[in-house]
Amino acid sequence: MLSLSRCTARSISLRALRAHHTQRPPLNSVTEHDLAHFAKFLDPPAILSTLPPVSLPADELDQFNNDWMGKYHGSSTTVLKPKTTQQVSEIVKWCNERCIGIVPQGGNTGLVGGSVPVKDEVILSLANMNKVRSFDPVSGILVADAGCILQSLTDYVAPHNHIMPIDLGAKGSCQIGGNVATNAGGLRLLRYGSLHGTVLGLEVVLPDGTILDQLTTLRKDNTGYDLKQLFIGAEGTLGVITGVSILTPPAPQASNNVILALPSFKNVLPLYEIVKRQLSEILSAFEFIDRTAYDLAVKHGQGRALSDQEVEGAECFVLVETSGGRREHDEEKLADLLESLLEAEKPLINTGVLAQSPAQFASLWALREGVTEAVSKEGKPYKYDISVPLSTFQEVVDGTREHLRSKGLLGDHAVKHVIGYGHVGDGNLHLNIVAESYTPEIQDALEPYVYEVVASHRGSVSAEHGIGAMKTHALHYSKSDVSIAWMKKIKDLFDPHGIMNPGKVLE
Amino acid sequence: MRPSPVRLLNILVPVKRAVDYAVKIRVNPQQTGFDLNVKHSMNPFDEIAVEEAIRIRERLKDAVKSIKAVTIGPPKALDTLRTALAMGADSSIHVEIPESAPSPEPLAVAKTLQEIIKRQKDGVDLVILGKQSIDDDLGMTGQMLAGLLGWPQATFASKVDIDVAKKEAVVTREIDGGGEEIRCRLPLIVTTDLRLNEPRYASLPNIMKAKKKPVEKFSPGDLGIDYTPRFETLKVAEPPQRVGGGKVQDVDELVAKLKEAGITAA
């Protein structure tokens with residue numbers, strides 16, 4: 001245990017250093033010696049490495065070392081693909097003793113660089129842990145390996161008339177373990193709540209290799225600290241999630257959607273109140289798109305536009321989706337709502353359109369979901385995924401636009417559009433600044449301006465995308481010094497050597 | 001003396017409630033048909049027909065006197081009529097058949113439409129309907145109706161221009177390798193192809209108005225039509241499962257496999 005003692009000795013002196021806010025010493029790189037150890041309990045195909053004796057060409061590891069946007073690049077030499085929790089435990093234990101950094105990786109679909117190494121950490125891919133462990137069609141509780149792909153779980157529970165409580169664009173490649181580790185949001189959050197509620201239990205390999213088995217299937221369990229919550233959204237900095245127990249809701253039998261055109265942003269909140277009250281349990285989405293975002297979506301062919309007459313005088317649009325158990329019931333409720341909205345003395349809406357078929361249903365959604373793609377086609381986007389109070393959505397967008405104007409950056413030469421869209425139901429605004437090109441002037445005008453605005457509203461600088469490597473510097477805009485200090489204490493308690501996903505979440 | 005008024009156009013649009021095209025079709029275990037307990041909507045080609053009727057009115061303004069939608073179907077087919085009314089049709093006719101009745105065959109549908117056209121006081125100058133329904137894909141109703149009435153037909157239309165004064169229409173048809181432009185006199189049967197137009201959304205005020213628009217109801221007996229099927233469905237089956245490819249070790253094995261499959265060099 002020579003290596004262990006050496007490592008421990010260093011970590012003690014380290015802790016003293018850290019008290020003076022100095023950096024952790026560098027972690028060790030993987031060596032052939034380490035590979036030989038891994039080979040003792042992992043099959044040869046589970047070890048991908050550029051080091052001998054495996055000696056793969058470096059490009060074989062590209063898909064693990066880079067994120068899908070090509071924005072973050074690691075230089076790891078070794079990817080391990082364990083098949084069992086026991087193997088994960090062995091790997092982590094060894095890395096802890098040897099002070100080797102570990103990046104747990106799921107589908108690698110994140111937006112903030114949380115799943116790629118910052119240097120040459122070992123990449124621990126969960127892809128081979130992809131078995132469903134159990135499903136109870138009565139309670140709807142699903143227990144699965146962390147590496148199960150979200151879509152395959154959706155397909156697994158579908159014949160039992162259940163759906164996953166989470167749905168997002170990356171569902172075909174993202175893994176449930178990664179979803180949980182990043183506390184992913186997505187399209188069903190308004191209806192089914194966040195993963196903090198739907199995840200019933202976790203199996204986690206702690207940074208010293210211990211297996212923390214909290215894989216319970218209980219809806220109620222008030223027995224002391226709820227440790228699993230710590231790992232939901234920790235982005236792999238406290239341990240490796242290897243198994244997930246999650247509550248799946250019954251599949252809705254009918255869905256409808258409608259786009260409403262509003263004369264003023266001021267009407268969004270009163271409208272949300274009415275819609276929530278009248279639709280109650282069948283309301284499954286309430287999405288907001290401002291006029292500029294709508295125009296961009298239409299310009300770039302995302303979904304079929306409403307007629308000119310319908311969009312005339314609209315300052316923004318709202319997409320309402322319902323899903324419920326009985327079509328007639330839902331349609332009647334929706335029809336009543338729409339009638340009362342149109343016939344109100346002071347109508348909150350100008351007009352709107354109601355999908356008449358699944359094709360139109362998809363087309364209306366495309367107008368909202370297509371904004372992301374339209375923005376990329378229009379120019380170079382600066383994207384901010386923020387949580388702010390609903391009442392300030394427009395203020396934040398307009399304020400940012402005015403701020404850029406005052407800096408002389410608004411116009412075809414620099415920033416073309418400032419747009420807002422997002423999940424009103426979740427208080428989550430996507431603030432996008434579409435520029436002609438990425439420039440330091442725009443960057444400096446936006447940051448820390450946007451973060452300061454968010455902080456002034458006590459909002460969140462990252463509503464659903466996480467912190468990863470991208471936003472560690474901005475964490476303090478959303479979390480107080482006390483909060484961050486305690487987060488660091490928790491991190492040190494679980495992971496004294498700092499091997500788990502180094503450089504992520506906390507600086 | 002006032003000039004004699006130009007003959008105003010009355011348009012009839014037959015529409016059908018069909019299983020929505022986005023639904024995955026499942027054959028029932030008895031192999032007699034498919035599961036109908038799924039989302040239905042207006043047959044997409046009929047939706048194009050309704051849209052075209054409305055666009056003709058938008059172009060010709062008051063020269064279009066009426067747009068009437070007609071459907072034959074179970075009580076739920078009323079939803080489909082409401083959609084047509086919400087899009088812009090003025091009134092509608094529902095020939096109601098029992099929920100469990102088999103879908104009427106094209107000849108019976110064409111005869112029904114013939115009867116309905118006969119009963120229209122102001123006559124019908126133009127019938128626009130889908131070239132086929134996506135559930136049975138038979139694609140004959142328009143042609144049969146033209147035959148029964150002895151009217152000209154312009155099938156698979158991708159462009160329709162009506163000249164009310166001359167009482168004629170110029171229609172571009174989709175044919176192999178391009179378009180064919182034909183001139184027809186009214187009254188006329190037009191069947192729609194995909195490229196004719198893109199149907200609009202039904203706006204909320206129009207959906208509300210549609211609830212108050214008239215729906216005239218008939219039973220098959222009222223019209224003297226017999227919907228007893230003339231065809232017998234022997235069996236409905238899913239297409240065979242696609243078999244995935246396999247990997248070969250070397251060229252020799254590939255050649256052997258090709259020979260096995262009866263493929264040889266010419």
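The values are calculated or read from the model by the stated rules, or taken from the named source; none is laboratory data. Note that the structure is predicted; figures quoted are calculated from it, not measured. Cβ coordinates were reconstructed from backbone atoms using ideal geometry, including for glycine residues, and neighbour counts include every protein chain displayed. The area values use the complete protein model at the heavy-atom level, side chains included, leaving out ligands, DNA and RNA. Shrake-Rupley method; radii C 1.70, N 1.55, O 1.52, S 1.80 Å.
Of note:
- Note on segment B:55-65: residues that are open to solvent by less than 50 Å² (accessible area, probe 1.4 Å) and farther than 19 Å from B:THR172 by Cβ amount to 2.
So that you can scan it fast, the table gives a plain yes or no per residue for (1) outside the structural domain of A:GLY239 (by TED's automatic domain parsing); (2) β-branched (Val, Ile, Thr); (3) surrounded by 20 or more Cβ atoms within 10 Å (Cβ to Cβ):
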| residue | (1), (2), (3) |
| --- | --- |
| A:GLU60 | yes, no, no |
| A:THR77 | yes, yes, yes |
| A:CYS95 | yes, no, yes |
| A:GLY101 | yes, no, yes |
| A:GLN105 | yes, no, yes |
| A:VAL118 | yes, yes, no |
| A:GLU121 | yes, no, yes |
| A:LEU124 | yes, no, yes |
| A:VAL138 | no, yes, no |
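- When segment A:224-250 is filtered for residues that are modelled with pLDDT of 95 or more and part of a strand (DSSP E or B), the ones remaining, listed by number, are A:VAL240, A:ILE241, A:THR242, A:GLY243, A:VAL244, A:SER245, A:ILE246, A:LEU247.
- Looking only at segment A:62-74, residues that are surrounded by 15 or more Cβ atoms within 10 Å (Cβ to Cβ) and either free of Cβ contacts under 8 Å to residues at least 12 places away in the same chain or part of a loop (DSSP other than H, G, I, E, B) (or both) come to 4 in all.
- Some residue of segment A:215-223 being in contact (Cβ under 8 Å) with a residue 60 or more places away in the chain, part of a loop (DSSP other than H, G, I, E, B) and within 14 Å of chain B (Cβ to nearest Cβ): no
- The conditions of being within 24 Å of the chain's Cα centre (by Cα) and over 20 Å from A:HIS465 (Cβ atoms) are met by A:GLY243.
- Of all residues in segment B:171-202, those that are touching a residue at least 24 places away in the same chain (Cβ under 8 Å) and open to solvent by less than 50 Å² (accessible area, probe 1.4 Å) total 14.
The rows are residues; the columns are (1) within 14 Å of another protein chain (Cβ to nearest Cβ); (2) under 18 Å from A:SER363 (Cβ atoms); (3) open to solvent by less than 10 Å² (accessible area, probe 1.4 Å).
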{"site": "A:SER280", "(1), (2), (3)": "no, no, no"}
{"site": "A:GLY303", "(1), (2), (3)": "yes, yes, no"}
{"site": "A:GLU312", "(1), (2), (3)": "yes, no, no"}
{"site": "A:VAL320", "(1), (2), (3)": "yes, yes, yes"}
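- Residues satisfying the stated conditions in segment A:438-460, i.e. in a loop (DSSP other than H, G, I, E, B) and either open to solvent by 50 Å² or more (accessible area, probe 1.4 Å) or in contact with a His (Cβ under 8 Å, 6 or more places away or on another chain) (or both): A:TYR438, A:PRO448, A:ARG458
- Of all residues making up segment B:25-73, the number that are more than 11 Å from every other protein chain (Cβ to nearest Cβ) and more than 22 Å from B:ALA89 (Cβ to Cβ): 12
- One residue alone among A:LEU404, A:LEU410 is hydrophobic (A, V, I, L, M, F, W, C) and free of Cβ contacts under 8 Å to residues at least 12 places away in the same chain, and that residue is A:LEU410.
- Residues of segment A:236-261 classified as buried (at least 23 other Cβ atoms within 10 Å of the Cβ), among the hydroxyl-bearing types (Ser, Thr, Tyr) and either farther than 28 Å from A:PRO117 by Cα or not assigned by TED's automatic domain parsing to the domain that holds A:VAL138 (or both), total: 1
- Condition met for A:ILE467 (among the β-branched types (Val, Ile, Thr), surrounded by fewer than 21 Cβ atoms within 10 Å (Cβ to Cβ) and out of contact with any His (no Cβ under 8 Å at 6 or more places or on another chain)): no
- Residue pairs meeting the criteria (Cβ under 8 Å; at least 6 apart or on separate chains; first assigned to a helix (DSSP H, G or I), in segment A:477-494; second among the acidic types (Asp, Glu) and surrounded by fewer than 15 Cβ atoms within 10 Å (Cβ to Cβ)): A:TYR477/A:GLU452
- Any hit, segment A:394-404, residues being out of contact with any helix residue (DSSP H, G or I) (no Cβ under 8 Å at 6 or more places or on another chain) and assigned to a loop (DSSP other than H, G, I, E, B): no
- Flag for B:THR112 being more than 19 Å from B:THR233 (Cβ to Cβ), surrounded by 23 or more Cβ atoms within 10 Å (Cβ to Cβ), of a type in the set (Val, Ile, Thr) and within 14 Å of chain A (Cβ to nearest Cβ): no
- Selection from segment A:329-347 of residues that are open to solvent by 30 Å² or more (accessible area, probe 1.4 Å) and more than 10 Å from every other protein chain (Cβ to nearest Cβ): A:HIS329, A:GLU332, A:LYS333, A:ASP336, A:SER340, A:ALA344, A:GLU345, A:LYS346, A:PRO347
- Screening segment B:199-223 for residues that are over 20 Å from the mean Cα position of the chain (by Cα) and in a loop (DSSP other than H, G, I, E, B) and picking the one that is farthest from the other protein chains (Cβ to nearest Cβ) gives B:SER219.
- With respect to the conditions (1) under 30 Å from B:ASP46 (Cα atoms); (2) assigned to a helix (DSSP H, G or I), A:GLN356 lacks only one, and its number is (2).
- Residue match in segment B:1-18 (condition: modelled with pLDDT under 95, more than 30 Å from B:THR172 (Cα to Cα), touching an Asp or Glu at 6+ places or on another chain (Cβ under 6 Å) and aliphatic (A, V, I, L, M)): no
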